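S.K.: First the structure, which I've put down as structure tokens, then a few questions once you've had a look.
The values are calculated or read from the model by the stated rules, or taken from the named source; none is laboratory data. These figures come from a predicted structure and were not determined experimentally. FYI the Cβ positions are ideal-geometry reconstructions off the backbone, even for glycines, and counts take in every protein chain you see.
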Amino acid sequence: MSRRAWLGLWIAAAALIVPVAHLALGRGVDWSELLAGTNTVSWRVLTELRLPRLVVALFAGTALGLAGLALQSVLRNPLAAPELTAVNPSAVLGYLIASGTGLIDGGSVFSSVLSATVGGLLGGGLLWLVAHRRTSEQTAVLGLLSALALTGVVTILIAARPTGVGGALRWLIGSVEARVAEHVPMIAIPVLAGFAALVLVADRLEILAVSDSHAHCLGVSPGFWRGVGIGIAVLLASAAVATVGPLAFVGFVAPHVVRLVFGGRLRRQVVLVAVCGGLFVAASDLIAKAVSLAIQLTGDGQQVGVPVGAVTCLIGAAALVAVASSHQESEP
């Protein structure tokens, strides 16, 4: 059996094991009580706390993975990802400005997603303008510089409101803790819409991924379809950012894993990235939960869980170095 086939089997096994382990891990569930009936505390813990957290993690991973795939395709850059462009930071900035000025109710999931989407659209528009008449390498550099500048503005806004720094920092790292059933439809609806849109336009984006001249020869408008791809990425990334925070490197890792293991046409990659992105975040949250149970992380006398964003950062940073190194070695 080939190495690619083995990797595929490992991913298939993870698709079965990770969700079950995610639901099973943790305190507060008596399995004998759970089997006795649905009107128990254990049943409520499982269905009202653990299950929504798992579902939100899966949808967030799917959203960011697909956003990364769209950006890498339309920008023709393997290092493109929501957090390495202006998309994620501008979505964060949109949410912080709207909540800080009282334009939205910070506790409302709908208004949070809406404000993040507006901010993400502004960042996506900036990215489209940058990419319009520049090479993919120039776009990547300018996108990263824009992301750093916006991140600096976000840091200033948080520093100006020190009373909420703890919660804000956990959200900025990325966390799926305390996610309940209300969060599920607000992330599921835009993710399903973005997934369907990517499947429909995959052929056009695949043509664009070759070159602008190739697209022109086939009657595909590079500027228009690049804008469509960035718009879909903004919708997906903004939904994830508003719900769980800007989880880093998910949009970078998932597309590369799919290309390495499965390859194939872009439409096929869309489906596989949706699965792998969700599994990546769910598995990372499983690791975060396990670490939180193994050690006592205390703050102000209370136990604090490890945010899933810390795990995705560690894994993604290593993957970024590996991909950047291999990309540099492959150049003449």
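S.K.: Taking the conditions exactly as written (surrounded by 17 or more Cβ atoms within 10 Å (Cβ to Cβ), out of contact with any Asp or Glu (no Cβ under 9 Å at 6 or more places or on another chain) and at pLDDT 90 or above), does LEU314 satisfy them or not?
M.R.: Against the criterion (surrounded by 17 or more Cβ atoms within 10 Å (Cβ to Cβ), out of contact with any Asp or Glu (no Cβ under 9 Å at 6 or more places or on another chain) and at pLDDT 90 or above), LEU314 does not qualify.
S.K.: Taking only pairs six or more apart or across chains, which ones have beta-carbon atoms under 6 Å, a first residue in segment 43-61 that is more than 15 Å from GLU182 (Cβ to Cβ) and at pLDDT 90 or above, and a second residue that is surrounded by 24 or more Cβ atoms within 10 Å (Cβ to Cβ) and not aliphatic (A, V, I, L, M)?
M.R.: Here the result reads ALA57/ASP285; LEU58/GLY278; GLY61/GLY277; GLY61/GLY278; GLY61/PHE280, each pair linking segment 43-61 to a residue that is surrounded by 24 or more Cβ atoms within 10 Å (Cβ to Cβ) and not aliphatic (A, V, I, L, M).
S.K.: Let me ask another. Residues that are crowded, with 21+ Cβ neighbours inside 10 Å and under 15 Å from the mean Cα position of the chain (by Cα): list the helices (runs of 4 or more DSSP H) wholly contained in segment 180-260 that include at least 2 such residues.
M.R.: It comes to 183-208, 222-244.
S.K.: Let me confirm something: among ALA324, ALA282, ALA274, which residue is part of a helix (DSSP H, G or I) and at pLDDT below 95?
M.R.: Checking each option against the conditions leaves just ALA324.
S.K.: Could you give every pair whose Cβ atoms fall below 8 Å, whose first residue belongs to segment 293-310 and is over 21 Å from ALA57 (Cβ atoms) and exposed (fewer than 11 other Cβ atoms within 10 Å of the Cβ), and whose second residue is modelled with pLDDT under 85 and not hydrophobic (A, V, I, L, M, F, W, C), counting only separations of at least 6 or pairs across chains?
M.R.: Filtered contacts from segment 293-310: GLN296/GLN303; GLY299/GLY166.
S.K.: Assess whether GLY65 counts as being of a type in the set (Gly, Ala, Ser), at pLDDT 85 or above, more than 30 Å from ALA215 (Cβ to Cβ) and crowded, with 16+ Cβ neighbours inside 10 Å.
M.R.: Answer is no for this residue.
S.K.: Just name the residue that is nearest to ILE189 (Cα to Cα) out of those in segment 10-55 that are in a helix (DSSP H, G or I) and of a type in the set (Ser, Thr, Tyr).
M.R.: THR47
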